[in-house]
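Working notes, structure below.
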Amino acid sequence: MQPINGIKDEAFRAAQLLLKPQGRAETNCYLVEGDNLVHQALKTSHTRAVYASLESAPHFRDECLQKDVPLYVAGGGLMQKLIGTGYETAVTSLAIVAQQKLESEIWTPPADALILACERIQDPRNVGVLIRTAEAAGCSAILFSSDCAEPWQRASVRSTTGSILRLPIGIIDNLPLHLKRSGQAEIRMVATSAKAPQLAYEANLKARPLIIVVGNETEGLSAAAREAATDFVALPMASNGASSLNVTVAAGVLLYEAVRQLRFSPL
């Protein structure tokens, strides 16, 4: 265990740099916070350093030694400064973790892949829940257009409850073009539309690889992304009720219908 001597300490600055988007972009690292997420991070090979209060540090000592991960002890209010919330929290540990980024332009999905592709998602908490849902459904990866909220910011990371540590993430500059090329490679892509001729439960979602495509919380998919999709399905909505679902709920319904059909439907 190595003590941090103040805000000018090199280890302190390395973690504090990741509070800002530019720092995360330059280093390809991000912060996870809280004992549960730090323990999850240490089960991967992506953890670069752990920071903990004097009271919490012993809980991570053995794991850090086994993984050869530096363990820094931050006291005297330094942990609060590292979290960077501007208000007092009960968080007493955090870790620097390398981002699991796909080389999206050259990545070829496995033949049995289920993938979630997300366009223009603006709420970082929705981004986090989409990552969590995609991992839970067994997705091989999740793709975000580059104009989505950043997955590695605090609100997103917390909302993933740890899934961001394990699920590969692709950030795509031109998602509609990427989807179009995937379609040309005979990868099926399914999106939702209120005007779709069939419900998700009636469509054949057994094909793999399969990409489920969801769009912006307010406007849905762009015209270019809709054009790239190969199939459209509708979700049943009660009459005289809400006209749409939150994007995270819609994604979950589609992903789990695709899982159900493949695993549990008769041949």
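The values are calculated or read from the model by the stated rules, or taken from the named source; none is laboratory data. Remember, it's a predicted structure, so these values are computed and weren't measured experimentally. Quick reminder, even Gly has a Cβ in these numbers, built from the backbone with ideal geometry, and neighbours come from all protein chains shown. Heavy atoms of the whole protein, side chains included, go into the accessibility calculation; ligands, DNA and RNA do not. Shrake-Rupley method; radii C 1.70, N 1.55, O 1.52, S 1.80 Å.
Using only Cα atoms, find the angle between the long axis of helix 247-264 and the longest principal axis of the chain, and express it within 0 to 90 degrees, rounded to the nearest 10. Approximately 70 degrees, to the nearest 10. Hey, which of these cross-link pairs are over 27 Å Cα-Cα: Lys8/Lys43; Lys101/Lys195; Lys43/Lys101; Lys180/Lys206; Lys67/Lys101? From Lys8/Lys43; Lys101/Lys195; Lys43/Lys101; Lys180/Lys206; Lys67/Lys101, over 27 Å: Lys8/Lys43; Lys101/Lys195. When the trypsin sites (Lys or Arg not before Pro) in region 1-79 are filtered for DSSP coil states and for at most 11 other beta-carbon atoms within 10 Å of their beta-carbon, the remaining sites are Lys8.
Each other residue within a Cβ distance under 11 Å of Ala258 adds +1 if Lys or Arg and -1 if Asp or Glu, for a net charge of +4. Taking amide H atoms as placed 1.01 Å from N in the peptide plane, the amide H of Gln122 lies under 5 Å from those of Ala149, Glu217, each 5 or more residues away in sequence or on another chain.
Evaluated on region 34-190, the Kirkwood hydrodynamic radius is 17.0 Å, with distances taken between all distinct Cα atoms. All C-alpha to C-alpha distances of the chain, sorted into 10 Å bins beginning at zero, yield P(r) values of 7, 29, 29, 19, 12, 4, 0 percent in whole numbers.
Calculated accessible area for region 42-97 comes out at 51 Å² per residue, all protein chains present (probe 1.4 Å; ligands, DNA, RNA ignored). Taking the longest Cα principal axis of the chain as reference, the axis of helix 124-136 is set at about 70 degrees. Solvent exposure of region 194-267 amounts to 57 Å² per residue of accessible area, where only protein heavy atoms count and the probe is 1.4 Å.
A Gaussian network model of the chain, with springs between Cα atoms under 10 Å, assigns the largest mean-square fluctuation among Ala194, Ala155, Ala238 to Ala238. Residue by residue, region 145-154 carries 3J(HN,Hα) couplings of 5, 5, 9, 6, 4, 5, x, 9, 7, 4 Hz when phi is fed to the Karplus relation 6.51 cos²θ - 1.76 cosθ + 1.60 (θ = phi - 60°); x denotes Gly or Pro. Phi angles across region 213-228 convert, under the Karplus curve 6.51 cos²θ - 1.76 cosθ + 1.60 with θ = phi - 60°, into 3J(HN,Hα) values of 10, 10, x, 3, 4, 9, 9, x, 7, 5, 4, 5, 5, 4, 5, 6 Hz, Gly and Pro given as x. Here the accessible area is traced with a 1.4 Å probe on the protein chains. For region 1-151, carbon and sulfur cover 50 percent of it. Computed over protein heavy atoms with a 1.4 Å probe, the accessible surface of region 119-192 works out to 37 Å² per residue.
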